[in-house]
Amino acid sequence: MKNSIKILLVLVFVSLFFGKEAWAQNSLQTQINAAPVGGVVKLKAGTYSERIVINKPVVVEAEEVIIHNCSSKPAITITGKRVTLRGIKLVDCLSGKNSAAISISGSGHQLNNISVTSEKIALKLKNVQKSKFENIRIHGQHKENGIDLWQSEQNLFQQCEIKNVQDGIYLENSNHNTLIKNSIEHSRYGVHVMFSDHITLKQNTSTKNVTGAMIMGVKYAEIKENQLIDNQQNVNAQGLLLYDVHHSNIRDNTISHNRLGMYIEDSSSNTIIQNKVEANFIGTQMKKMTKTIMEENAFIANVNVIQATSSRENQIQHNYWDGALTLDTDGNHKSNIAFKADPYFLTLTSETPPYQLFFQHPGLVLLQKMLKSPDEMLVTDQEPLMTSDWQKNVQVKSEKRSVLLLSLLLITGSLFLLYIGRKKI
């Protein structure tokens, strides 16, 4: 009997010892720790409930690896230099104010093909430089930001998909960062930039947010070829908000189906060129905007086109206004009749919102013509464009559809006539 008890105790001891050793050998942290500097770690597929720290230059590759984190601390912490992380799916089961699912510092990192489902900040960058973040998929619960930068410079964010967070990508005191081809939806601000200069936003899509992009306290920004669409989830919703923005270039953006297309305040020395501002309740509002060039933009199907207050020394010309009365007598594709936008209806409805029900009512149109706004409130384009490239593209597509439809009808008619002819024979 005593021998049996001894044997049982030995077996239990051996199983516990070797079980722990086997777990240690298979744990993610052990695999990472065992890798040499500059080495490649290929994590074994599976679901893990552990937090990891990567603090040396290694490449960590994963296939079908899920980290399930039920701690208030980050599931993944990256420090040091030249860490590469690919292919991990991260699921957090706890929230935490200002806490992060992935915490990053250092420089030269590359994160690719990462999926994060969390109520926390998905990626929190603090003092990160010269790093790349590509194909990051983030799904939040409207509580924290998707990607949050603080004092981080010269980083690239490309082809990231972000949904249901507070702010999609938030930058503060972070200069020289580039955002390309990212998609953000169902959040507060798609892109939120604060006190960060030399920022590039290009070919991003921000839709169904409260505000597509909010840029504040910024100099030398490039905002190009973005799609800021259907941001009307709030009475204060906007496609693009520029506040205290200077020496920046806003070009070739599509700003459509927002409550307010563009709102610009306390901004100067910017160029706003070749943007499509379409089907917004208010196309553009400007307050204390100075020394800005606004040319070759297309304002199409907006309920209220444009309004300016306390704005001066701006060059607003050669834009296309779909409601303008135009006449080109010298063939230069510019109208000899100036376009003047009167914000009378907008001013009236801001004081008494129910008057919006009478939009385009004959009595209100007559009242607007009789009681014009003061000259300083009018936005004047002395030589509006007769047509715009945006309008031409729509016309070309429409013509192509018409030709295709006509061709199909002719083919169908010919086949029908051949069929009838054969029956008669």
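The values are calculated or read from the model by the stated rules, or taken from the named source; none is laboratory data. Worth saying up front: this structure is predicted, and the values here are computed from it rather than measured. Methodologically, a virtual Cβ is constructed for each residue, glycine included, from the backbone with ideal geometry; neighbour enumeration extends over all protein chains shown. Just so you know, the surface numbers come from the protein's heavy atoms only, side chains and all, with ligands and any DNA or RNA stripped out. Shrake-Rupley method; radii C 1.70, N 1.55, O 1.52, S 1.80 Å.
Across segment 231-248, what is the number of residues that are open to solvent by less than 30 Å² (accessible area, probe 1.4 Å), in a strand (DSSP E or B) and either basic (Lys, Arg) or farther than 15 Å from Asn304 by Cβ (or both)?
The first filter runs over segment 231-248 and keeps only residues open to solvent by less than 30 Å² (accessible area, probe 1.4 Å), leaving 231, 237-242, 245, 248.
Going one step further and asking which of them are in a strand (DSSP E or B), we end up with 238-242, 245.
Now restrict to residues that are either basic (Lys, Arg) or farther than 15 Å from Asn304 by Cβ (or both): 240-242, 245.
Residues flagged as open to solvent by less than 30 Å² (accessible area, probe 1.4 Å), in a strand (DSSP E or B) and either basic (Lys, Arg) or farther than 15 Å from Asn304 by Cβ (or both) within segment 231-248 amount to 4.
Before we move on, is Glu161 of a type in the set (Asp, Glu), more than 12 Å from the chain's Cα centre (by Cα) and surrounded by fewer than 24 Cβ atoms within 10 Å (Cβ to Cβ)?
no
Please determine, by comparing only the residues of segment 85-104 that are modelled with pLDDT of 95 or more and either of a type in the set (Lys, Arg) or in contact with a Gly (Cβ under 9 Å, 6 or more places away or on another chain) (or both), which one is farthest from Lys56 (Cα to Cα).
Top of the filtered list is Lys89.
Pull up segment 195-216, narrow it to residues that are of a type in the set (A, V, I, L, M), surrounded by fewer than 24 Cβ atoms within 10 Å (Cβ to Cβ) and closer than 20 Å to His142 by Cβ, then point me to the one that is modelled with the highest pLDDT.
If we filter segment 195-216 for residues that are of a type in the set (A, V, I, L, M), which is where we start, we get 199, 201, 210, 213-216.
Filter once more, so that each one left must be surrounded by fewer than 24 Cβ atoms within 10 Å (Cβ to Cβ): 199, 210, 214, 216.
Checking which are closer than 20 Å to His142 by Cβ leaves us with 210, 214.
Details: Val210: 95, Met214: 98.
Only one residue tops the list, namely Met214.
For segment 206-216, state whether one or more residues are more than 11 Å from the chain's Cα centre (by Cα), over 21 Å from Leu123 (Cβ atoms) and free of Cβ contacts under 8 Å to residues at least 60 places away in the same chain. Let's see the steps before the verdict.
First, pick out the residues of segment 206-216 that are more than 11 Å from the chain's Cα centre (by Cα): 210, 215-216.
Restricting the remaining residues to those that are over 21 Å from Leu123 (Cβ atoms) gives 210, 216.
Filter once more, keeping what is free of Cβ contacts under 8 Å to residues at least 60 places away in the same chain: 210, 216.
Taking every residue of segment 206-216 in turn, at least one turns out to be more than 11 Å from the chain's Cα centre (by Cα), over 21 Å from Leu123 (Cβ atoms) and free of Cβ contacts under 8 Å to residues at least 60 places away in the same chain.
If you check every pair at least six apart or on different chains, which have Cβ atoms under 8 Å apart with a residue in segment 224-242 that is more than 9 Å from Ile255 (Cα to Cα) and at pLDDT 95 or above first and a residue that is of a type in the set (S, T, N, Q) and open to solvent by 50 Å² or more (accessible area, probe 1.4 Å) second?
Within 8 Å, the pairs are Lys224/Gln203; Glu225/Gln203.
Residue by residue, here is whether (1) open to solvent by less than 30 Å² (accessible area, probe 1.4 Å); (2) within 26 Å of Val41 (Cα to Cα); (3) touching a strand residue (DSSP E or B) at 6+ places or on another chain (Cβ under 8 Å) holds:
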| position | (1), (2), (3) |
| --- | --- |
| Gly87 | yes, yes, yes |
| Leu94 | no, no, yes |
| Lys97 | no, no, no |
| His109 | yes, yes, yes |
| Leu171 | yes, no, yes |
| Asn175 | no, no, yes |
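Could you tell me whether any residue of segment 311-333 is open to solvent by 30 Å² or more (accessible area, probe 1.4 Å), closer than 21 Å to Asp266 by Cβ and among the basic types (Lys, Arg)?
yes
Which of the residues spanning segment 138-157 are buried (at least 18 other Cβ atoms within 10 Å of the Cβ) and more than 17 Å from His198 (Cα to Cα)?
Selection gives Ile138, Gly140, Glu144, Asn145, Gly146, Ile147, Asp148.
Strands (runs of 3 or more DSSP E) wholly in segment 270-317 with at least 3 residues that are within 21 Å of Val218 (Cβ to Cβ) and at pLDDT 90 or above - which ones?
On the way: elements: 271-273, 276-278, 282-290, 293-295, 298-300, 304-309, 315-317.
Passing ranges, in order: 271-273, 282-290.
Cβ-Cβ distance below 7 Å, separation of 6 or more or different chains: which pairs start in segment 292-305 with a residue that is at positive phi and end on one that is assigned to a strand (DSSP E or B) and surrounded by fewer than 19 Cβ atoms within 10 Å (Cβ to Cβ)?
Glu296/Ile273
I'd like the full set of residues that are of a type in the set (A, V, I, L, M, F, W, C) and either surrounded by 21 or more Cβ atoms within 10 Å (Cβ to Cβ) or in contact with a strand residue (DSSP E or B) (Cβ under 6 Å, 6 or more places away or on another chain) (or both), limited to segment 282-310.
So the first thing to find is which residues in segment 282-310 are of a type in the set (A, V, I, L, M, F, W, C), and the list is 282, 286, 289, 293-294, 298-301, 303, 305-306, 308.
Listed by number, the residues that qualify are Ile282, Met286, Met289, Ile293, Met294, Ala298, Phe299, Ile300, Ala301, Val305, Ile306, Ala308.
With (1) part of a strand (DSSP E or B); (2) within 21 Å of His186 (Cβ to Cβ); (3) in contact with a Lys or Arg (Cβ under 8 Å, 6 or more places away or on another chain) as the list, and Thr77 as the residue in question, which single condition is left unmet?
Condition not satisfied by Thr77: (2).
Filter segment 50-64 for residues that are out of contact with any helix residue (DSSP H, G or I) (no Cβ under 8 Å at 6 or more places or on another chain) and in a strand (DSSP E or B) and give the result.
Listed by number, the residues that qualify are Val59, Glu61, Ala62, Glu63, Glu64.
Mind listing just one residue for me: the one in segment 33-70 that is of a type in the set (S, T, N, Q) and in contact (Cβ under 8 Å) with a residue 24 or more places away in the chain and, of those, least open to solvent (accessible area, probe 1.4 Å)?
Of segment 33-70, the ones of a type in the set (S, T, N, Q) are 33, 47, 49, 55, 69.
With in contact (Cβ under 8 Å) with a residue 24 or more places away in the chain added as a condition, the list becomes 55, 69.
Numbers: Asn55: 99, Asn69: 6 Å².
Residue satisfying both the conditions and the ranking: Asn69.
Take the residues in segment 217-228 that are part of a strand (DSSP E or B) and open to solvent by 50 Å² or more (accessible area, probe 1.4 Å); name whichever of them is farthest from Lys163 (Cα to Cα). Show your work before the answer.
Residues of segment 217-228 part of a strand (DSSP E or B): 217-219, 222-224, 227-228.
After this cut, where a residue has to be open to solvent by 50 Å² or more (accessible area, probe 1.4 Å) as well, the list is 219, 222, 224, 227.
Values: Lys219: 28, Glu222: 24, Lys224: 22, Gln227: 16 Å.
Filtering first and then ranking leaves Lys219.
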